[in-house]
Every structure is written in C-alpha cells, then in structure tokens.
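The values are calculated or read from the model by the stated rules, or taken from the named source; none is laboratory data. Keep in mind that what you see is a predicted model, and the values were worked out from it rather than measured. Cβ placement follows ideal geometry from the backbone for every residue including glycine, while neighbour counts extend to all protein chains displayed.
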C-alpha cells in the first residue's frame, strides 16, 4: 500500500473532470476489477491512477533514458561499488542527467517538478513511500528494500538535485533499506 499525504504541487486551480467510455477485452476487465477489489478502490479510481501514472511518468520515461531492471541486478551491481564510487556515480547522474530528465518529463525544472518526479518514480518503482507536506517543507520516507548502497545512491542524487535547485535546506537520513528526507522549498 502506498501512503501519500500531499497537496497538488503543480496546479493552482482544481482540475475539471470529464468522462469517456472505454472498452476492454473481458480478461483485462476482469483483472482490473479484481485489482480494484484488492486495493479497496473503485474501478474508476484505479483507472484514474493508471492513466495518471502513464501521463506523469510512463509516457516519457523511456525517452528520458529510464529503463526497468530487476531489483536483484541493481543490488548486485551496487554491491560491486565502494561507497565513494557510488557517491561519484550519483553526483555524475545528478549533474549530467537529472535536469534533462525532469525537463523532458515535467516540462520545467524547479523544486516542485523534482518532488513530483521523486513521487512518481517511487510509485512506479513499487516502493512503499510516504510524502507529507507542511507549509514549505516536504518530507519523504522511501522504503526500497535494496540495501545501504542503494540508499547512499538515492540520497546523494536527491541531495545534489535539491542543492542545484537552491533548496534552503535538506536533511537526509538513510538506513539499509530506507531513505528519509525533509526539504524546504
């Protein structure tokens, strides 16, 4: 279950809704109904989540250089690197790839877009996470279950990103399987 407690960061006015009729083959519709029952949400809510994930992340992620790998592959690759090598890798990715990725996917590069990207990435990756908003402070807890080196990598990418965006302060804590941070934007 994903725990998210946040306000819309990118829209200043309430979104208007509309309706559309879609047809699915019987097996797919049955699978969608089972998933909505399992998640204890309506089929409409599930469909909205699926379409939102596609528009916020899926439709542009491949063009932005994002690919899917099995967790065990990434963990084994990370285990081969020292923490210093991981820090250098995350700095390189943050400085040379993140801005372009976020610009392509979010059409802007600011703290709000970066936070939207982090949340979409955590959700699509299937990580348990919590995102809380309080005034100008954003708090995240991301439980990835991929080991300490992955925590170091992710925390450093986020640190460099927020630093590049001029965040007033950011406080990071890591465990073997969790990255926690608070940032004022």
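For (1) over 27 Å from residue 50 (Cβ atoms); (2) under 13 Å from the mean Cα position of the chain (by Cα), each residue gets a yes or a no:
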{"site": "69", "(1), (2)": "no, no"}
{"site": "80", "(1), (2)": "yes, no"}
{"site": "126", "(1), (2)": "no, yes"}
{"site": "129", "(1), (2)": "no, yes"}
{"site": "144", "(1), (2)": "no, yes"}
{"site": "173", "(1), (2)": "yes, no"}
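The residues on offer are 153, 160, and the sole one that is under 18 Å from the mean Cα position of the chain (by Cα), over 19 Å from residue 69 (Cβ atoms) and touching a residue at least 40 places away in the same chain (Cβ under 8 Å) is 160. Taken over region 132-152, residues that are closer than 15 Å to residue 184 by Cβ and either touching a strand residue (DSSP E or B) at 6+ places or on another chain (Cβ under 7 Å) or not assigned by TED's automatic domain parsing to the domain that holds residue 172 (or both) amount to 6.
Would it be correct to say that residue 36 is within 19 Å of the chain's Cα centre (by Cα) and over 21 Å from residue 161 (Cα atoms)? Judged against the criteria, residue 36 is not a match. Identification of helices (runs of 4 or more DSSP H) wholly contained in region 1-88 with 3 or more residues that are at pLDDT 85 or above and over 29 Å from residue 133 (Cβ atoms) yields 26-39, 71-79.
Residues satisfying the criterion are absent from region 109-118 (criterion: surrounded by fewer than 17 Cβ atoms within 10 Å (Cβ to Cβ) and at pLDDT below 90).
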